[in-house]
Amino acid sequence: MRDTPLSNCERDFLLKAIEEKKRLDGRQTYDYRSIKISFGTDYGCCFVDLGKTRIMAQVSCELITPKENRPNEGIMFFNIELSPMASPSFEMGRQSELLVKLNRQLERCLRNSKCIDTESLCVVSGEKVWQIRVDVHLLNHDGNLMDAASIAAIAALCHFRRPDVGIQGEEVTVYSTEERDPIPLSIYHMPICVSFSFFQQGTYLLVDPCEREERVMDGLLMIAMNKHREICSIQSSGGIMLLKDQVLRCSKIASVKVSEITELINKALANDKKARKTGGKFGFAESLPQERITALKTDVSPVEMSDVKEKANEIVQRAEVPPQTVPSPVLTAPGTGQVGEGIENSWGLEEEEEEEEEEETMELEEGHEEKERGDVVVISDSGSEEEDVVILNQVTTKEKACSSNQQGAVASKQQKKKKRK
């Protein structure tokens with residue numbers, strides 16, 4: 001499913017706001033959105049909220065056979081999944097251009113920078129090494145996925161603990177967490193990506209672009225750097241030409257942002273370690289009171305309950321006295337009835353009245369029909385079979401009067417004609 005395109009009015013509004021050094025969420029040009037880092041119950045599970053962008057990273061490990069050209073080094077594997085839950089434009093089981101781009105940039109940032117000692121992952125040279133797998137799941141998409149993914153991946157790697165291993169001859173024994181304490185990974189430094197978006201061919205610059213700002217930008221520059229101001233990787237996309245001064249300016253801004261984010265990750269790791277050591281709440285149980293997981297969060301306002309009785313009494317006194325109930329009310333609405341003690345039973349009364357009315361109407365109609373038909377056919381029995389009198393079309397008194405009147409009118413006409421002659 002394709003993204004809903006921005007209208008020309010929205011595009012012009014965003015570009016005009018950027019020219020005036022204003023952003024939709026009220027941030028300044030070089031400001032990051034709020035970053036929240038939390039860890040799961042198991043080691044190696046990390047949640048990162050960068051504004052409304054939410055990403056989960058999970059680290060796992062397994063023993064495998066090493067590569068032939070590097071028998072003494074472990075293997076690092078990174079996988080990013082773009083779920084349709086995060087955005088309707090993402091499709092399951094289909095590698096998009098954005099997915100390939102994010103995977104390559106994350107590998108350059110973490111694996112090619114040698115931030116993890118891969119030789120410490122070797123168990124038996126040429127036979128057994130640890131493979132560290134980092135799965136990054138996108139839960140909600142609101143722009144700047146690369147920065148959030150790098151923060152979640154490096155925080156999960158720092159939080160991860162692999163099981164301890166014992167070697168006796170050719171046998172390799174993997175101990176559980178109950179038998180031996182797990183061992184953390186050997187991490188040299190923490191590279192973090194910082195994204196810069198350019199507008200109107202590099203005239204304007206923004207840090208940490210949101211989803212709408214990414215739609216109208218002309219180019220993107222991603223710099224991966226650690227707190228020692230060492231650039232681990234740099235990538236430019238969008239086809240814009242950047243000057244040397246612009247790149248140096250971005251690198252200086254990135255060094256400040258990376259040091260702040262690294263300090264935030266260290267604080268989150270220290271708090272989680274302290275909570276686990278003291279036996280406090282951590283992971284899922286720790287997130288419930290702070291409502292990090294619940295989607296619908298409502299602010300609780302205090303309610304004064306001291307003078308509730310007084311207010312209730314005032315309301316009762318001001319209220320009107322209810323009218324007295326009638327023991328046997330008259331039912332005015334059609335089709336209703338009542339049954340109960342002290343009340344007249346009125347169920348079915350309306351049906352009986354309707355039946356009586358229908359019988360009366362039927363009798364009246366039959367009477368009218370008999371009057372209209374008259375005595376058309378009369379068959380009388382005289383007591384003997386030979387004297388049967390049949391009278392057809394008996395003339396009534398009214399018909400006789402009409403016929404006499406007609407005859408009189410005809411006679412008067414004939415007399416007038418004779419006099420004229």
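The values are calculated or read from the model by the stated rules, or taken from the named source; none is laboratory data. Since the structure is predicted, the reported quantities are computational estimates derived from the model, not experimental observations. Reconstructed Cβ throughout: ideal geometry from the backbone, glycine too, with neighbour counts over all protein chains shown. SASA here: full protein model, heavy atoms, side chains in, ligands and nucleic acids out. Shrake-Rupley method; radii C 1.70, N 1.55, O 1.52, S 1.80 Å.
Kindly indicate which of ASP135, ASP181, ASP147, ASP142 is touching an Asp or Glu at 6+ places or on another chain (Cβ under 8 Å) and surrounded by fewer than 16 Cβ atoms within 10 Å (Cβ to Cβ). Give the steps one after another, and end with the answer.
Details: ASP135 fails: surrounded by fewer than 16 Cβ atoms within 10 Å (Cβ to Cβ); ASP147 fails: surrounded by fewer than 16 Cβ atoms within 10 Å (Cβ to Cβ); ASP142 fails: surrounded by fewer than 16 Cβ atoms within 10 Å (Cβ to Cβ).
Only one candidate passes the filter, namely ASP181.
Which ones in the stretch 24-47 are under 17 Å from VAL136 (Cβ atoms) and open to solvent by 80 Å² or more (accessible area, probe 1.4 Å)? Don't jump to the end; show me each part of the working.
Initial filter on the stretch 24-47 (under 17 Å from VAL136 (Cβ atoms)): 35-40, 42-47.
Scanning the stretch 24-47 gives LYS36, ASP42, TYR43.
Give me the strands (runs of 3 or more DSSP E) completely within the stretch 75-190, filtered to those with at least 1 residues that are touching a Ser or Thr at 6+ places or on another chain (Cβ under 6 Å) and touching a residue at least 60 places away in the same chain (Cβ under 8 Å), ordered by residue number.
Result: 128-140.
Taking (1) open to solvent by less than 40 Å² (accessible area, probe 1.4 Å); (2) under 30 Å from GLY219 (Cα atoms); (3) in contact with a strand residue (DSSP E or B) (Cβ under 6 Å, 6 or more places away or on another chain); (4) in contact (Cβ under 8 Å) with a residue 40 or more places away in the chain in turn, SER197 satisfies each apart from (4). List the number of the failed condition for TYR204; all other conditions in (1) open to solvent by 10 Å² or more (accessible area, probe 1.4 Å); (2) of a type outside the set (Asp, Glu); (3) without any contact (Cβ under 8 Å) to a residue 24 or more places away in the chain hold. (3) is the only condition that TYR204 fails.
Would you point out the residue of the stretch 155-166, among those that are in contact with a helix residue (DSSP H, G or I) (Cβ under 7 Å, 6 or more places away or on another chain) and crowded, with 24+ Cβ neighbours inside 10 Å, that is nearest to LYS114 (Cα to Cα)?
Residues of the stretch 155-166 that are in contact with a helix residue (DSSP H, G or I) (Cβ under 7 Å, 6 or more places away or on another chain), as a first pass: 155, 158-159.
Right, trim to crowded, with 24+ Cβ neighbours inside 10 Å and you get 155, 159.
Numbers: ALA155: 16, HIS159: 18 Å.
Within the stretch 155-166, the match that is nearest to LYS114 (Cα to Cα) is ALA155.
Yes or no, residue by residue, for (1) surrounded by 10 or more Cβ atoms within 10 Å (Cβ to Cβ); (2) part of a loop (DSSP other than H, G, I, E, B); (3) at pLDDT 65 or above; (4) not acidic (Asp, Glu):
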| position | (1), (2), (3), (4) |
| --- | --- |
| ILE261 | yes, no, yes, yes |
| ASN266 | yes, no, yes, yes |
| ARG276 | yes, no, yes, yes |
| PHE282 | yes, yes, no, yes |
| ALA285 | yes, no, no, yes |
| THR294 | yes, yes, no, yes |
| VAL300 | no, yes, no, yes |
| MET305 | no, yes, yes, yes |
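If the condition is being assigned to a loop (DSSP other than H, G, I, E, B) and either free of Cβ contacts under 8 Å to residues at least 60 places away in the same chain or surrounded by fewer than 17 Cβ atoms within 10 Å (Cβ to Cβ) (or both), then the stretch 54-74 contributes THR65, LYS67, GLU68, ASN69, ARG70, PRO71, ASN72, GLU73, GLY74. In the stretch 209-237, the qualifying residues are those that are surrounded by 14 or more Cβ atoms within 10 Å (Cβ to Cβ) and among the small types (Gly, Ala, Ser), and the one that is nearest to the chain's Cα centre (by Cα) is GLY219. May I ask you to verify whether PHE13 is in contact with a Gly (Cβ under 9 Å, 6 or more places away or on another chain) and open to solvent by 40 Å² or more (accessible area, probe 1.4 Å)? Taking the combined requirement at face value, the residue does not satisfy it.
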